[in-house]
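Novice: First the structure, which I've put down as structure tokens, then a few questions once you've had a look.
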Amino acid sequence: MQATLGLLGLLGLAWLPVFGQAMTFAEFEHQLMALPETEYRQRLDLVQAASKDSTDWAAVERFELFWHGVDAANNALERQAAGGLLQRLDSVSQAMALTDDQRFRWLVVQGEYAQLQQNNAEGCRLFEQAMGSLSTVTSPVVRAELMQRYSRCQHLFEKESHRAQLLKTAIRLAAGQSALLEAQLLVELGEFYNRLGNHTLAERYYQQGLDGFTRLDASADRLTATLNVALAQMSLGKYAQSLTTLSQGDAIFSQDYWHFQSHRVRAEIALTQQNYAQLLQISRANELYRDALLGSAFATLHDQFLTIGLLRQGELAAAQRLIEARDLTAYEGMPGKLVHYQRRLELELALAVAGELGQQQHALDALLAWYEQTEAMQKRAMEEMLNNEGDFDFQQQAIELLRQQTALQDSLRQQEHNAKQQAWLTALGFGLAVVILTAYLVLMSRSKERIQRLSERDDLTGVLNRRAILSHIQRSAQQKRSMVVCLFDLDHFKRINDSYGHVVGDAALRHVAQLVTQTLRQSDLIGRIGGEEFLLCFHESDPSFVDGLCERLRQRLAGSPLQIGERSLLITASFACVAATPEQLMSFQALYSQLDATLYQAKDQGRNRLLWVESGIA
């Protein structure tokens, strides 16, 4: 019998009953363990075959059978199969006394099925309920799997750092227990840092996840991780490494999806390096694979790259036909990165039209009119960047946009010079062209200043954004300047959002930022670093003075409720401060960890209070 089962296993038919005999639970469990973790469809097939023979199995065995079935169907995205098996699992569960572990796993697969049905809120509710009984679960893998799913429910976390801590805990649990889960968690941690714009950590964790998938030969996960590594390297300016990563992927993956994404990243690198001939060549080749992502944001991004390549290579008519055919004119619903490249496309189009011989005077008039109409859109594009940190590194894109505008000014000045050489331009026409160009260049200069300010400001509150204030701290460290740094966040902010909605939550953040700004000195700085969390910087200030100032801040916040119609919403905050040397500021992440831990102590002691890190100040 063992030899027969072994032969059938080699043929991929190990789950079939032998000589017409009914499968026992022990045989089912043996064959299930022989299947790789990622072979979800094979595992589902095995469950469905075994379920025909499970009538006489014990209730606990039937629970295990259907639980594995729902888990496999969820992962295989088989909604109908998952729904049917979940009903059978529910029926078995009602007829038996579930252990804590079984009840926990039941909640998890119900949550997964809810999310498979696009009911994310219900899935997160079930995951949160399961988290409440996490201490009763002994299996480290099961605990890690729940943490993984719960970490995706972003709205349940008061602070982004809590999500990172949860993922890191899950990684430690999975290590040595499930290599696949460990690799998946590493990639998710990479995605977390990528959304924050920390591409250095994103690349590190993506690469660790990729190494794990490579050892397991998990092809689908390996493809996504390879692409993520290449994108992170590109965002860091490691273009040669990114191209090497893509070439390695080309030797492994043959799917149209891979070829499309590989070409798209190569095109973006060519555009960033201003290699427009290569940009057009790559984008034209990628037309072959565009249908693989038709209707997606990636397809639109490809269309933008192709159009810019056509314009830069002098194919204006072809570019205009493409813009019309693929409707590359509307900003509505575009993610921030697409808005950025749409803006770039419009600048390129304006330049191409302005450069057409015989139409320069008309083109320059049209260019000025176009700029006046899209000046507001430019501000909106920057706001989209600032509001979509999860899509891309908005600070780098802001810098890139400034560089592009400088290049555009140089191009327009060159056109002005060329215009002087045009014999067919009348003196009046030439004078008007110079006036228009001058006006445009003035507008561009003012626009650059506005974008610079926007790139440093938090769009919601108007205070410095995360990157701006952290950059300021780094500059102070490099200049050997000490400072007092305080971290504060709003108490029970999640409760405000849950009870009153995000509109009121946003109003509360603006209210706090305004009160704090009014109280600080001109030399003091405030920045919002995420959610309801803010940093305060006091240059070369006496800790006792800062202690008194922050105490006044705390009291003013507690005594200045936010008015919501006829209701007053009390808002308090907890503070953690440290007197930091330049050396401590250089390794700010370690300093932040100390501040965060002290802030936790303030919360544990009842909130609405000020504590100091390693200081005698009470």
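The values are calculated or read from the model by the stated rules, or taken from the named source; none is laboratory data. Because the structure is predicted, anything quoted here is derived from the model rather than measured. Don't worry about glycine lacking a Cβ; one is built from the backbone with ideal geometry, like all the others, and counts go over all protein chains shown. Calculation scope for accessible area: heavy atoms of the full protein, side chains included, ligands and nucleic acids excluded. Shrake-Rupley method; radii C 1.70, N 1.55, O 1.52, S 1.80 Å.
Novice: Can you pull out the residues in region 209-239 that are touching a His at 6+ places or on another chain (Cβ under 6 Å) and part of a helix (DSSP H, G or I)?
Specialist: Filtering region 209-239 down to residues touching a His at 6+ places or on another chain (Cβ under 6 Å) leaves 232, 235-236.
Result: Ala232, Ser235.
Novice: Ok, one more. Determine which single condition Gln584 fails, assuming it passes every other condition in (1) surrounded by 13 or more Cβ atoms within 10 Å (Cβ to Cβ); (2) within 24 Å of Asp604 (Cα to Cα).
Specialist: With (1) surrounded by 13 or more Cβ atoms within 10 Å (Cβ to Cβ); (2) within 24 Å of Asp604 (Cα to Cα) applied to Gln584, the lone miss is (2).
Novice: Residue check: is Arg222 crowded, with 22+ Cβ neighbours inside 10 Å and farther than 30 Å from Ile171 by Cβ? I'd like the intermediate steps shown before the answer.
Specialist: Numbers: crowded, with 22+ Cβ neighbours inside 10 Å: yes; farther than 30 Å from Ile171 by Cβ: no.
The answer is no for Arg222.
Novice: Could you check, for region 169-186, whether at least one of its residues is buried (at least 20 other Cβ atoms within 10 Å of the Cβ), among the β-branched types (Val, Ile, Thr), under 24 Å from Met147 (Cα atoms) and touching a residue at least 40 places away in the same chain (Cβ under 8 Å)? Walk me through it before giving the result.
Specialist: Our first condition is that a residue be buried (at least 20 other Cβ atoms within 10 Å of the Cβ); within region 169-186, this holds for 170-171, 173-174, 181-186.
With among the β-branched types (Val, Ile, Thr) added as a condition, the list becomes 171.
Filter once more, so that each one left must be under 24 Å from Met147 (Cα atoms): 171.
When the remaining residues are screened for being touching a residue at least 40 places away in the same chain (Cβ under 8 Å), the result is none.
There is no residue in region 169-186 that is buried (at least 20 other Cβ atoms within 10 Å of the Cβ), among the β-branched types (Val, Ile, Thr), under 24 Å from Met147 (Cα atoms) and touching a residue at least 40 places away in the same chain (Cβ under 8 Å).
Novice: Is region 109-119 home to any residue that is within 24 Å of Lys52 (Cβ to Cβ) and of a type outside the set (Ser, Thr, Tyr)? Steps first, please.
Specialist: Our first condition is that a residue be within 24 Å of Lys52 (Cβ to Cβ); within region 109-119, this holds for 109, 113.
If we keep only those that are of a type outside the set (Ser, Thr, Tyr) as well, we get 109.
The answer is yes, given that some residue of region 109-119 is within 24 Å of Lys52 (Cβ to Cβ) and of a type outside the set (Ser, Thr, Tyr).
Novice: Another question, then. Kindly indicate which of Ala58, Ala73 is over 32 Å from the mean Cα position of the chain (by Cα) and of a type in the set (Gly, Ala, Ser).
Specialist: Numbers: Ala73 fails: over 32 Å from the mean Cα position of the chain (by Cα).
Among Ala58, Ala73, only Ala58 is over 32 Å from the mean Cα position of the chain (by Cα) and of a type in the set (Gly, Ala, Ser).
Novice: To continue, here is another question. Going by the structure shown, is Leu464 at pLDDT 90 or above and over 21 Å from the mean Cα position of the chain (by Cα)? Before you say what the answer is, go through the steps one by one.
Specialist: Details: at pLDDT 90 or above: yes; over 21 Å from the mean Cα position of the chain (by Cα): no.
No, not satisfied.
Novice: Would you be able to say whether some residue in region 198-219 is open to solvent by less than 30 Å² (accessible area, probe 1.4 Å), under 13 Å from Val265 (Cβ atoms) and over 18 Å from the mean Cα position of the chain (by Cα)?
Specialist: The initial filter retains those residues of region 198-219 that are open to solvent by less than 30 Å² (accessible area, probe 1.4 Å), namely 199, 202-203, 206, 209-210, 212-213, 218.
Now narrow it down to the ones that are under 13 Å from Val265 (Cβ atoms): none.
No, region 198-219 contains no residue that is open to solvent by less than 30 Å² (accessible area, probe 1.4 Å), under 13 Å from Val265 (Cβ atoms) and over 18 Å from the mean Cα position of the chain (by Cα).
Novice: Within region 212-227, track down each residue that is touching a residue at least 12 places away in the same chain (Cβ under 8 Å) and charged (D, E, K, R). Show your work before the answer.
Specialist: Here is the first cut: in region 212-227, the residues touching a residue at least 12 places away in the same chain (Cβ under 8 Å) are 212-213, 215-216, 218-227.
Those that are touching a residue at least 12 places away in the same chain (Cβ under 8 Å) and charged (D, E, K, R): Arg215, Asp221, Arg222.
Novice: So, one more: Every residue in region 474-491 that is part of a loop (DSSP other than H, G, I, E, B) and farther than 14 Å from Leu599 by Cβ, please. Reasoning before the result, please.
Specialist: Residues of region 474-491 part of a loop (DSSP other than H, G, I, E, B): 479-482, 491.
Correct list: Gln479, Lys480, Arg481, Ser482.
Novice: Pairs only if they're at least six apart or on different chains, beta carbon under 7 angstrom, first in region 463-479 and open to solvent by 20 Å² or more (accessible area, probe 1.4 Å), second in a helix (DSSP H, G or I) and of a type in the set (S, T, N, Q); list them, first residue then second.
Specialist: From residues that are open to solvent by 20 Å² or more (accessible area, probe 1.4 Å), the pairs are Arg467/Gln395.
Novice: Moving on to the next point. Would it be correct to say that Ala318 is within 29 Å of the chain's Cα centre (by Cα) and small (Gly, Ala, Ser)? So that I can check it myself, show each step before the final result.
Specialist: Numbers: within 29 Å of the chain's Cα centre (by Cα): no; small (Gly, Ala, Ser): yes.
No.
Novice: May I pose another question? Does region 153-161 contain any residue that is open to solvent by 20 Å² or more (accessible area, probe 1.4 Å), outside any helix (DSSP H, G or I) and in contact with a His (Cβ under 9 Å, 6 or more places away or on another chain)? Give the steps one after another, and end with the answer.
Specialist: Our first condition is that a residue be open to solvent by 20 Å² or more (accessible area, probe 1.4 Å); within region 153-161, this holds for 154-158, 160-161.
This time we only want the ones that are outside any helix (DSSP H, G or I), so: 157-158.
Okay, now just the ones that are also in contact with a His (Cβ under 9 Å, 6 or more places away or on another chain), so 158.
Checked region 153-161: at least one residue is open to solvent by 20 Å² or more (accessible area, probe 1.4 Å), outside any helix (DSSP H, G or I) and in contact with a His (Cβ under 9 Å, 6 or more places away or on another chain).
Novice: Here's another thing I want to ask about it. Only one residue in Gln304, Gln278 is open to solvent by 60 Å² or more (accessible area, probe 1.4 Å), in a helix (DSSP H, G or I) and either hydroxyl-bearing (Ser, Thr, Tyr) or closer than 25 Å to Leu236 by Cβ (or both), so which one is that? Explain how you work it out, then say what you get.
Specialist: Values: Gln304 fails: open to solvent by 60 Å² or more (accessible area, probe 1.4 Å).
The match here is Gln278.
Novice: Do we find that Glu551 is within 20 Å of His492 (Cβ to Cβ) and in contact (Cβ under 8 Å) with a residue 24 or more places away in the chain in this structure? Working first, answer last.
Specialist: Numbers: within 20 Å of His492 (Cβ to Cβ): no; in contact (Cβ under 8 Å) with a residue 24 or more places away in the chain: yes.
Here the answer is no, as Glu551 does not meet what is asked.
Novice: Out of (1) open to solvent by less than 10 Å² (accessible area, probe 1.4 Å); (2) under 19 Å from Ser247 (Cα atoms); (3) without any contact (Cβ under 8 Å) to a residue 40 or more places away in the chain, the odd one out for Phe260 is which?
Specialist: For Phe260, the exception is condition (3).
Novice: From Glu551, Glu533, grab the single residue that is among the acidic types (Asp, Glu) and either out of contact with any strand residue (DSSP E or B) (no Cβ under 8 Å at 6 or more places or on another chain) or open to solvent by 20 Å² or more (accessible area, probe 1.4 Å) (or both).
Specialist: Values: Glu533 fails: either out of contact with any strand residue (DSSP E or B) (no Cβ under 8 Å at 6 or more places or on another chain) or open to solvent by 20 Å² or more (accessible area, probe 1.4 Å) (or both).
Within the list Glu551, Glu533, the selection yields Glu551.
Novice: Leu454 - would you say it is modelled with pLDDT of 90 or more and not in a loop (DSSP other than H, G, I, E, B)? Steps first, answer last, please.
Specialist: Details: modelled with pLDDT of 90 or more: no; not in a loop (DSSP other than H, G, I, E, B): yes.
Considered against the rule, which asks whether it is modelled with pLDDT of 90 or more and not in a loop (DSSP other than H, G, I, E, B), Leu454 comes out as no.
Novice: For the structure I just gave you, tell me whether Ala299 is at pLDDT below 95, in contact with a Phe, Trp or Tyr (Cβ under 6 Å, 6 or more places away or on another chain) and either closer than 24 Å to Glu188 by Cα or crowded, with 16+ Cβ neighbours inside 10 Å (or both).
Specialist: Working: at pLDDT below 95: yes; in contact with a Phe, Trp or Tyr (Cβ under 6 Å, 6 or more places away or on another chain): no; either closer than 24 Å to Glu188 by Cα or crowded, with 16+ Cβ neighbours inside 10 Å (or both): yes.
Taking the combined requirement at face value, the residue does not satisfy it.
Novice: Leu569: open to solvent by less than 20 Å² (accessible area, probe 1.4 Å), in contact with a strand residue (DSSP E or B) (Cβ under 6 Å, 6 or more places away or on another chain) and either farther than 21 Å from Leu599 by Cα or of a type in the set (Lys, Arg) (or both), yes or no?
Specialist: On the way: open to solvent by less than 20 Å² (accessible area, probe 1.4 Å): yes; in contact with a strand residue (DSSP E or B) (Cβ under 6 Å, 6 or more places away or on another chain): yes; either farther than 21 Å from Leu599 by Cα or of a type in the set (Lys, Arg) (or both): yes.
Criteria met by Leu569.
Novice: Are any of the residues in region 488-508 open to solvent by 60 Å² or more (accessible area, probe 1.4 Å), hydrophobic (A, V, I, L, M, F, W, C), modelled with pLDDT under 85 and over 17 Å from Met586 (Cα atoms)?
Specialist: yes
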